[in-house]
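Written out below as structure tokens is the structure these notes cover.
The values are calculated or read from the model by the stated rules, or taken from the named source; none is laboratory data. Small disclaimer: the values here were computed from a predicted structure and weren't measured. Here the Cβ positions follow ideal geometry from the backbone for every residue, glycine too, while neighbour counts run over all protein chains shown. Ligands, DNA and RNA are excluded from the accessible area calculation, which covers all protein heavy atoms including side chains. Shrake-Rupley method; radii C 1.70, N 1.55, O 1.52, S 1.80 Å.
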Amino acid sequence: MQRKVSIIITLFAVTLLSTSCFDAHEVDNYAYVTTVGVDKGVADKWRFSFQIANMRATGSREESGNQKAPEYITITIDAPSFFHAVNVLNTSIARTLNFRHTKYLVISRDIAKEGKFTESLGTIIRFREIRRTTGVVVSTDTAEAFIEEFNPKIGISLARLQEGYMEQSRQTGFFPEIQLKDYYLEIKSNYSQPIAILAGINDFSHLPQQGETDVEKIELGKRKAGEIPRKGGNTVEFFGTAVFDGERMVAELNGYETTIMLMLRGEYDRGIFTLKDPLKPELYISLNLKQRRKPKVKVEFVDGKPVFHIKLMLNGEIMAIQSSIGYEKTSKIGYLESAIEDIIKQQAEALIEKAKELNVDFLNFGFHIVKAFPTIQEWEKYNWIGQMETAKATVEVDVKIRKIGTLIKSSQILGTEGEQD
Amino acid sequence: MNEGKVGNIEMICLIVNAIVCKAFFTSVAAVIQKVGTAGWYMTLISAAVSLAVFGLMYIMIRAYEGKNILEIYDEIVGKKAGRLLTLVSCMILFLSASITLREFTDATNVYLLHVSPPGYIVGMFIIAMIVVCFFGIEGLARTAKFFSYILLINFLIVMVLSIQHYQIYRLYPLLGYGLGNTVKNGIMRSSAYGEIILIGIFAKALNNTKDAGKIGLKCLILGGLFIAQILFSVIASFPYFTAAELADPLYIMVSLIEYGRFFQRVEVIFIFTWNLSTLIGLTAIFYGAVISYCHAFDIKDKRPIIISFAISIYAATLIIPSITIILDYVVPTLRDYGWVGFYSPIFIAIIIWFFFKRGKQTYAEKS
């Protein structure tokens with residue numbers, strides 16, 4: 001009998017305890033913020049913008065009357081601090097702002113240049129709701145305007161769009177995949193200096209009209225976010241890198257420089273590499289380049305100064321040869337490989353020079369030099385941050401074209417006038 | 001209460017959980033603060049020191065076959081002094097359980113149950129501990145073995161998945177703050193494995209007390225490898241200056257796991273490991289404290305003592321007003337000086353046995 005009573009009491013207790021606890025919340029208790037932006041404020045110190053997912057609209061695509069329910073809303077507020085802004089906003093949206101699904105933190109270039117990320121937003125890392133995998137973006141426009149535009153113009157959901165941007169870092173190599181954890185580790189790091197994604201709004205004004213003649217021709221990869229000559233599609237562009245010295249943004253890297261930076265950091269996955277045809281420079285060759293393995297870096301000290309010997313190893317796949325010259329032949333493939341190696345070597349050396357001029361190690365050379373120090377005391381005493389200008393580097397590039405696409409040779413094009421080049 | 005008998009693997013599961021569960025909380029950051037990048041092998045030094053002390057305890061267990069370490073204390077130093085040594089063990093186990101439970105509560109409060117009052121979390125946890133303790137050491141050990149395989153698989157999964165964040169350069173400078181500092185801290189922090197004394201306390205539950213030696217050896221090897229793996233993965237995932245800042249580096253490391261759009265936010269797997277391992281480990285420590293207390297005062301029925309100990313541990317866990325006091329004073333003191341509580345009864349007993357009892361024992365055996 002006593003056993004039965006015990007079981008019944010236990011079951012009652014389990015039932016009561018299983019109902020809920022203090023932390024129970026329904027999904028619609030929260031307003032899920034997908035992007036947070038910060039600019040300099042007018043009415044108060046900072047201007048915070050929050051892009052909030054509209055749970056009713058997401059996925060359903062329902063229309064009420066003629067109006068399609070927006071997938072998101074953007075709220076902007078001037079406030080002295082982030083959490084103050086959040087607290088005040090909660091009173092007006094009748095739900096609690098929740099940051100568990102926040103994908104990006106966006107700061108304006110002005111704030112980045114003044115080195116006020118931590119002051120405005122950086123301490124957010126202490127906040128349990130913010131995931132450290134949140135992307136860190138420096139916007140060439142105001143963060144407010146960026147967030148207003150940061151939504152899909154092509155038919156995918158907002159969340160899919162925002163995740164898709166990050167994936168493109170690995171597909172193109174034109175911007176780094178920098179998350180809050182990376183940025184936070186590097187601002188405190190004595191191994192290297194931080195970088196962030198550079199992004200901007202393209203108002204499509206950079207695409208010249210047909211017939212315009214006095215247009216300055218700049219290579220696509222040498223442009224920066226928001227300046228790509230195109231029209232249509234999403235207005236937001238992720239392109240290039242913001243380089244920081246501590247917390248202060250000191251430089252911007254264009255698309256090509258970013259690709260080389262990623263290669264030197266060992267973070268380049270793949271991307272299309274286009275070069276002038278070595279035999280017909282007016283035409284182009286496109287290859288899909290992939291980093292075969294992380295770069296081999298040897299460090300030696302000469303007269304107390306570090307010398308880095310870097311070897312980049314890349315695999316290539318021919319995508320297109322405009323000239324139809326048979327580079328895929330064994331006798332010519334080496335010629336093409338050497339041409340690519342030369343270009344990458346020159347660009348890498350130029351980027352290292354840029355890092356030395358800035359005296360900022362955004363190439364993660366510190367990761368290799370630290371191995372020469374047995375204890376933390378000796379490493380901290382050496383103080384690598386700030387010594388980049390003393391470094392010397394040699395770069396060796398090894399490109400192997402292993403795939404040639406679906407064609408094993410390029411035949412000449414024939415016309416009435418015979419073979420055409 | 002019928003204590004029953006415990007198999008060797010069950011005992012290993014129990015003790016390894018008791019040792020390893022502490023590594024889920026603030027201790028990892030504290031170790032990195034002290035020894036920097038050398039933390040992952042510092043803990044192996046601690047394990048080696050604990051193994052040496054365990055060896056001393058095992059000598060006594062072999063000398064007094066069929067007895068647990070508490071009875072051996074009584075034999076060697078007499079009932080009154082033995083009671084004192086037993087109470088020292090009881091006290092340190094009680095403190096260890098309450099401090100680790102407080103760490104668990106604060107971590108749960110920070111990451112999972114933000115609104116729930118600490119008293120509620122501690123209360124729920126203690127109720128679970130009481131239920132398991134009422135089944136005695138046999139029930140406890142069976143539960144430990146049953147869950148340990150699942151916990152091991154979970155642990156291995158999260159460790160393997162975390163490899164994406166490992167950066168080998170973060171292990172450099174290899175010697176941390178210096179070899180001397182690493183060895184010193186390794187010796188001082190041997191209390192991380194202090195729960196190995198539970199083998200002595202639970203020795204009579206084994207089928208043969210002589211098995212305690214190989215069980216202890218395996219527990220320390222496994223415990224050392226698990227803690228070293230945890231420290232290694234945290235140090236490889238975060239630079240030493242950042243890892244030392246984090247309240248719960250292991251949880252944060254797991255929360256970073258992200259393989260594509262669909263495979264992310266897997267910390268729930270870790271939470272399962274974290275909760276269950278802590279429950280099993282702390283229940284073992286708590287039960288060890290109860291057994292020690294009952295032995296000191298010759299109490300046969302443990303159930304009232306379990307209840308009163310549970311109430312005491314509830315109070316002790318919540319008496320510290322804030323997490324900063326825990327982090328600044330309580331946990332560092334326990335980890336740095338806990339070895340005094342865990343190991344001094346063994347040192348005292350072995351010295352007395354060696355100089356005063358061993359000869360007599362040998363003579364008695366020969367004659």
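Comparing the full protein assembly with the isolated chain, the residues of region B:79-114 losing at least 20 square angstrom of accessible surface (1.4 Å probe) are B:Val110, B:Leu113, B:His114. Within the shell defined by Cβ-Cβ distances under 12 Å, the residues around B:Glu71 carry a net charge of 0, with Lys and Arg each +1 and Asp and Glu each -1. Volume per residue of the convex hull around the Cα atoms, evaluated for region A:19-253, comes out as 172 Å³.
With springs connecting C-alpha atoms under 10 Å apart, model chain A as a Gaussian network and identify which of A:Met55, A:Met249, A:Met166 has the largest mean-square fluctuation. Looking only at A:Met55, A:Met249, A:Met166, the largest GNM fluctuation is found for A:Met55. Helix B:79-111 against the longest principal axis of chain B: what's the angle in degrees, Cα atoms only, rounded to the nearest 10? The angle comes out at about 20 degrees.
Highest GNM mean-square fluctuation among A:Glu227, A:Glu26, A:Glu119, for chain A modelled with Cα contacts below 10 Å: A:Glu26. The GluC sites (Glu not before Pro) found in region B:1-101 that occupy coil by DSSP, while having at most 10 further C-beta atoms within 10 Å, are B:Glu65. Counting only protein heavy atoms and a probe of 1.4 Å, the accessible surface of the protein assembly as shown is 58% carbon and sulfur.
What the Kirkwood sum gives for the protein assembly as shown is a hydrodynamic radius of 30.2 Å, with every pair of different alpha carbons counted. Interface residues of region A:121-135, defined as a loss of at least 20 Å² in heavy-atom accessible area between the chain alone and the complex of all protein chains with a 1.4 Å probe, are A:Arg128, A:Arg131, A:Arg132, A:Thr133. In percent, rounded to a whole number, the relative contact order of chain A is 12, using alpha-carbon pairs under 8 Å and six or more apart. Close amide H pairs (under 5 Å, H built 1.01 Å from N) link A:Lys45 with A:Ala79, residues at least 5 positions away or on another chain.
Net charge of the neighbourhood of B:Lys210, taken over other residues with C-beta under 15 Å away and scored Lys/Arg +1, Asp/Glu -1, is +4.
Only helices enter the 222 nm calculation for chain A: every DSSP H run of n ≥ 4 contributes -39,500 (n - 2.57), and dividing by all residues gives -8500 deg cm²/dmol, rounded to 500.
Counted by Cβ distance under 12 Å from A:Lys294, the other residues give a net charge of +3, where Lys and Arg count +1 and Asp and Glu count -1.
Between B:Leu225 and A:Arg128, the distance separating the two model label sites (each 7 Å from Cα on the Cα→Cβ line) works out to 3.4 nm.
Going from the chain on its own to the full set of protein chains, region B:175-197 has these residues losing 50 Å² or more of accessible surface (heavy atoms, 1.4 Å probe, no ligands, DNA or RNA): B:Tyr177.
Scanning residues 5 or more positions from A:Phe175 or on other chains, those with amide H under 5 Å from its amide H are A:Gly240, with H placed 1.01 Å from N in the peptide plane.
Considering only alpha-carbon pairs that sit under 8 angstrom and 6 or more positions apart, the relative contact order computed for region A:19-253 is 19 percent. Here the simple spin-label model places points 7 Å from the Cα toward Cβ, and for A:Glu349 and A:Lys4 these points are separated by 9.3 nm.
Each residue of region B:309-317 was assigned a 3J(HN,Hα) from its phi angle through the Karplus expression (A = 6.51, B = -1.76, C = 1.60, θ = phi - 60°), giving 5, 4, 5, 5, 5, 4, 5, 5, 5 Hz with x at Gly and Pro.
Pull out a ≥ b ≥ c, the square roots of the eigenvalues of the alpha-carbon gyration tensor of chain A, then state rounded if a/c is under 1.5, prolate if not and a/b is larger than b/c, and oblate in the remaining case. In terms of gyration-tensor shape, prolate. Between the alpha-carbon centers of region A:344-418 and region B:202-235, tell me the distance in whole angstrom. After rounding, the separation between the Cα centres reads 47 Å. With all protein chains kept in place, the per residue accessible area of the protein assembly as shown amounts to 45 square angstrom at a probe of 1.4 angstrom.
Between the Cα long axis of helix B:8-20 and the first principal axis of chain B there is an angle of about 50°, rounded to the nearest 10.
The relative contact order of region B:8-362, computed from alpha carbon pairs under 8 Å that lie at least 6 residues apart in sequence, is 41 percent. Residues of region B:49-87 with backbone nitrogen within less than 18 Å of a virtual label 7 Å along the Cα-to-Cβ line of B:Thr362, please, listed as ranges. So the set is B:56, B:59-65.
Counting only alpha carbon atoms, the long axis of helix B:331-352 and the longest principal axis of chain B meet at about 20°. A simple spin-label model places pseudo-atoms 7 Å from Cα toward Cβ; at A:Val14 and A:Asn87 they are separated by 4.3 nm. Dipole of region A:265-421 computed with +1 at Lys/Arg Cβ and -1 at Asp/Glu Cβ about the Cα centre; of A:Leu312, A:Met388, A:Ile352, farthest Cα towards the positive end is A:Leu312.
For the residues A:Lys224, A:Lys403, A:Lys381, a GNM of chain A with alpha-carbon springs under 10 Å puts the largest fluctuation on A:Lys381. Sequence-ordered 3J(HN,Hα) estimates for region A:238-247 from the Karplus curve with 6.51, -1.76 and 1.60 and θ = phi - 60° stand at 9, 7, x, 9, 9, 9, 10, 10, x, 9 Hz, glycine and proline given as x. Total buried accessible area between A and B, probe 1.4 Å, nearest 100: 3300 Å².
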